[in-house]
1. Which residues, counting only those in segment 96-105, are among the hydrophobic types (A, V, I, L, M, F, W, C), within 14 Å of the chain's Cα centre (by Cα) and outside any helix (DSSP H, G or I)?
2. List, please: which pairs have Cβ atoms under 7 Å, are six or more places apart or on different chains, and start with a residue in segment 64-83 that is among the basic types (K, R) and end with one that is in a loop (DSSP other than H, G, I, E, B)?
3. Looking at (1) in contact (Cβ under 8 Å) with a residue 40 or more places away in the chain; (2) buried (at least 16 other Cβ atoms within 10 Å of the Cβ); (3) of a type in the set (A, V, I, L, M), which one does A122 not meet, given that it meets all the others?
4. Quick check on F18: is it without any contact (Cβ under 8 Å) to a residue 60 or more places away in the chain and part of a loop (DSSP other than H, G, I, E, B)?
5. Kindly indicate which of K41, K66, K91 is within 21 Å of V115 (Cα to Cα), of a type outside the set (D, E) and out of contact with any Asp or Glu (no Cβ under 7 Å at 6 or more places or on another chain).
6. Of everything in segment 98-107 that's in contact (Cβ under 8 Å) with a residue 24 or more places away in the chain and surrounded by 15 or more Cβ atoms within 10 Å (Cβ to Cβ), which residue is farthest from Y71 (Cα to Cα)?
Amino acid sequence: MEANNPSFATIDEYIAQFQPEIQDRLQQIRKLVREVAPDAKEKISYQMPTFETNGKNLVHFAAFKKHIGFYPTPSGTEEFAEELSVYKGGKGSVQFPLNQPLPLDLIRRIVLFRVAENQRIAEEKAAKKR
């Protein structure tokens, strides 16, 4: 990668590049995901903090100039479309503005949904192998 576009090996490295107030927001999301999905594996994917369960990506998140991007896959945004409609977003993504508190309860419910979804997909895949 270019010097102005660094590569990160860990979520700690990713978070450390930001100002303290942004680090705090990123750590809030990280802590919440760890609480909801304690068995999830941390990694960097697409140069963003990512959590994985059952060998599948659970959620990604990242900091930008004016927002925190949260990426719970298209199914995660579709399931919570009404509540997420107050935020900018796209297929599988949502932007939480930096000038507003993080909607931690909503993020928690989205992560719970994604954990259950990844578990169901893993069980269905295992059942097909039998």
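The values are calculated or read from the model by the stated rules, or taken from the named source; none is laboratory data. Since the structure is predicted, the reported quantities are computational estimates derived from the model, not experimental observations. Cβ atoms come from the backbone with ideal geometry, glycine included; neighbour counts cover every protein chain shown.
1. Passing the criteria: F96, L102.
2. Filtered contacts from segment 64-83: K66/L98.
3. Every listed condition holds for A122 apart from (2).
4. On the way: without any contact (Cβ under 8 Å) to a residue 60 or more places away in the chain: yes; part of a loop (DSSP other than H, G, I, E, B): yes.
Considered against the rule, which asks whether it is without any contact (Cβ under 8 Å) to a residue 60 or more places away in the chain and part of a loop (DSSP other than H, G, I, E, B), F18 comes out as yes.
5. The unique qualifying residue is K91.
6. The extreme case among them is L98.
Okay, residues lined up against (1) in contact with a Phe, Trp or Tyr (Cβ under 8 Å, 6 or more places away or on another chain); (2) modelled with pLDDT under 95; (3) among the small types (G, A, S); (4) more than 22 Å from P6 (Cα to Cα):
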site	(1), (2), (3), (4)
Q28	no, no, no, yes
G76	yes, no, yes, yes
F96	yes, no, no, yes
N99	no, no, no, yes
L104	no, no, no, yes
A116	no, no, yes, yes
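Every residue, every condition in (1) crowded, with 16+ Cβ neighbours inside 10 Å; (2) not in a loop (DSSP other than H, G, I, E, B), yes or no:
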| residue | (1), (2) |
| --- | --- |
| Y14 | yes, yes |
| E35 | no, yes |
| K43 | no, yes |
| L58 | yes, yes |
| G69 | yes, yes |
| T77 | yes, yes |
| V86 | no, no |
| V94 | yes, yes |
